[in-house]
Amino acid sequence: MYPPHTLRPHLAVARMQIRLSFHYRTRAFSQGVGALLLIGLQAALWTAVYSGAGDDTPAGWLSLRQTMVYAAAGTIWVLCLPNLGLARQLETKIRDGRITTELLLPMGFLSQWFSAAVGRSLGITALVGLPAAAVGGALLLPFDISIGYVLQLALTSAIAFVILFNLSYMTGLSAFFIRRVEGLNEVREALLLLLGGSMMPLSLYPAPLRDAVVWTPFAHGFYTPIGTLVKDPFVDTRLIVIGLVWSVLLTAASALCTRGSLRKLVIAGG
């Protein structure tokens, strides 16, 4: 039995997810191949959009190279970070009752799923993200890389991970209250696509729309870390603080939803 308030069970859950990622590596590699094809399509699309303007002429805020790195990194980002797969997995376990065995583990339910998400992301990053980063390093190298840049990138990435995890977790947890969560999943994906900047950098949006969407949590699950990566000048301290506040609020909301959901399970189960 693990002593209370120890990290060992969480590390064990994370290690298990890493092993599962390597066990199902064929799926990860196939997703990586699909991502490469999508990156090639995006590169062709953005080259066509910028054709005639030249790489040094920005469209809005970003140059062609920044925009292409943004599109490539964003494609890998979606693959490695918590997504709708987490919500579907949680919904399935709630439906078939496997959630009851997880409640017997010597750790909190929310922290257990967070550890599993960390492990899965680390596994997929090792299989797909790091090779892609090594290939993309030639594109990133011309950027002025400093300690401050690395720290800001690490901070915005951590904030984005927490936000995306909580959005997926609460979507999956809604299976306690509604019959199917596909509709919520589709709404979540659409909001990430339109308001998160996964379709294009938010700095290229019309100014009124851009200034409005940065106040939503979706922008900080995608745009803020990828914008930091490509040194988008619109990503500043204000945006990072907004993202940090959202990560705290969503974590608190997840904790409240977990408490209410498990209370419903106990009452329904007698």
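The values are calculated or read from the model by the stated rules, or taken from the named source; none is laboratory data. Keep in mind that what you see is a predicted model, and the values were worked out from it rather than measured. A quick note on method: Cβ atoms are made from the backbone with ideal geometry, for glycine too, and the neighbour counts reach across all protein chains shown. Side chains are part of the model used for accessible areas, which takes the heavy atoms of the whole protein and leaves out ligands, DNA and RNA. Shrake-Rupley method; radii C 1.70, N 1.55, O 1.52, S 1.80 Å.
Suppose the filter is open to solvent by 70 Å² or more (accessible area, probe 1.4 Å) and either modelled with pLDDT under 90 or closer than 25 Å to Val118 by Cβ (or both); does Arg180 pass it? Steps first, answer last, please.
On the way: open to solvent by 70 Å² or more (accessible area, probe 1.4 Å): yes; either modelled with pLDDT under 90 or closer than 25 Å to Val118 by Cβ (or both): yes.
Considered against the rule, which asks whether it is open to solvent by 70 Å² or more (accessible area, probe 1.4 Å) and either modelled with pLDDT under 90 or closer than 25 Å to Val118 by Cβ (or both), Arg180 comes out as yes.
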Checklist entry - When both residues are 6+ apart or on different chains and their Cβ atoms are under 6 Å apart, which pairs have a first residue that lies in the stretch 135-155 and is hydroxyl-bearing (Ser, Thr, Tyr), and a second that is modelled with pLDDT under 80 and open to solvent by less than 60 Å² (accessible area, probe 1.4 Å)? => result none
Next on the checklist: Which count do you get for residues in the stretch 205-221 that are in contact with a Phe, Trp or Tyr (Cβ under 7 Å, 6 or more places away or on another chain) and touching a residue at least 60 places away in the same chain (Cβ under 8 Å)?
Outcome noted: 1
Checklist entry - In the stretch 85-109, how many residues are open to solvent by less than 40 Å² (accessible area, probe 1.4 Å) and outside any loop (DSSP other than H, G, I, E, B)? => result 10
Checklist outcome for this item: Expected output for the stretch 19-40 (first residue under 14 Å from Ala73 (Cα atoms), partner among the polar types (S, T, N, Q) and part of a helix (DSSP H, G or I), Cβ below 9 Å, 6+ apart or cross-chain) is Ala35/Thr75; Leu36/Thr75; Leu38/Thr75; Ile39/Thr75
Next on the checklist: Looking at the stretch 28-49, can you tell me whether even one residue there is open to solvent by less than 60 Å² (accessible area, probe 1.4 Å), in a helix (DSSP H, G or I), modelled with pLDDT under 80 and in contact with a Lys or Arg (Cβ under 9 Å, 6 or more places away or on another chain)?
Outcome noted: no
Checklist entry - With Ser168, Ser174 as the choices, which residue is buried (at least 24 other Cβ atoms within 10 Å of the Cβ) and part of a helix (DSSP H, G or I)? => result Ser168
Item to check | Count of residues meeting criterion [open to solvent by 10 Å² or more (accessible area, probe 1.4 Å) and not in a helix (DSSP H, G or I)] in the stretch 212-262 | outcome: 9
